[in-house]
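Below is one structure, written out as structure tokens; the observations come after it.
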Amino acid sequence: MSYPNKFSQGNRDNQPPRVNEALKKFRDNISTKAFTHNDILGLNEELGKSFAGRDDTITQVNKFYNLVRVAESQSAQNEELAKIQVKLHVLKAQIAYATARETLSKDFKEFFDISITKILKSNNLTEMKESLKAFTTFFESVYAYFYYHTKANKGGY
């Protein structure tokens, strides 16, 4: 017996999947702009709200927010590019695992993968540290809006 994936984006009427417009805007802009660019920062609430509507669990998103903060903190103290790169690749793998367990949506995984890939494309250690720090700040704002909209959707506010 096959069970429906709780993160499938189509509905029971076999309509095509919903397009996450916030994620599409993020994907289209992040390749040429920094996480701290106003166009990217302006997507934080829209992204947070879109993840809240997709059953991503607060516990899982909080876990990865904390892991990103730890990676950023460690990168500030670490002078080895390779160690930072390894940590970021492991975070991507952990997101994939959580997505396979259906505690995070494919949209959240895509957001995270795009972000980590951008950080990994940094040209040197200093640039990577700055990009990771900017992503941490951006992710914090996305998480804050995600939390707010998740609670609001469940009648918490």
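The values are calculated or read from the model by the stated rules, or taken from the named source; none is laboratory data. Values in this document were obtained by computation on a predicted structure and should not be read as measured data. Please note: Cβ atoms are built from the backbone with ideal geometry, for glycine as well, and neighbour counts cover all protein chains shown. Only protein heavy atoms, including side chains, enter the accessible area calculation; ligands, DNA and RNA are left aside. Shrake-Rupley method; radii C 1.70, N 1.55, O 1.52, S 1.80 Å.
Of the residues that sit in region 100-116 and are farther than 19 Å from Asn44 by Cβ and touching a residue at least 12 places away in the same chain (Cβ under 8 Å), which one is surrounded by the fewest Cβ atoms within 10 Å (Cβ to Cβ)?
Among them, the one singled out is Glu102.
Quick one: would you say Leu81 is within 27 Å of Lys49 (Cα to Cα), among the hydrophobic types (A, V, I, L, M, F, W, C) and in contact with a helix residue (DSSP H, G or I) (Cβ under 7 Å, 6 or more places away or on another chain)? Taking the combined requirement at face value, the residue does not satisfy it.
Residues in region 73-85 that are in a helix (DSSP H, G or I) and exposed (fewer than 14 other Cβ atoms within 10 Å of the Cβ): Ser73, Gln74, Ala76, Gln77, Ala82, Lys83. Criterion first (modelled with pLDDT of 90 or more, open to solvent by 50 Å² or more (accessible area, probe 1.4 Å) and either of a type in the set (Phe, Trp, Tyr) or farther than 14 Å from Phe138 by Cα (or both)) does Arg18 satisfy it? Criteria not met by Arg18. The condition (being over 19 Å from Asn66 (Cβ atoms), assigned to a helix (DSSP H, G or I) and under 17 Å from the mean Cα position of the chain (by Cα)) is satisfied by just one residue among Ile119, Ile114: Ile114.
Under the condition of being open to solvent by 10 Å² or more (accessible area, probe 1.4 Å) and either touching a residue at least 24 places away in the same chain (Cβ under 8 Å) or of a type in the set (Phe, Trp, Tyr) (or both), the residues counted in region 118-149 number 18. When region 130-157 is filtered for residues that are more than 16 Å from Asn44 (Cα to Cα) and at pLDDT below 95, the ones remaining, listed by number, are Lys151, Ala152, Asn153, Lys154, Gly155, Gly156, Tyr157. Taken over region 27-53, the residue count meeting the criterion of being closer than 14 Å to Leu104 by Cβ and more than 13 Å from the chain's Cα centre (by Cα) is 1. Of the residues making up region 38-72, just one is open to solvent by 10 Å² or more (accessible area, probe 1.4 Å) and closer than 13 Å to Met128 by Cα, namely Glu72.
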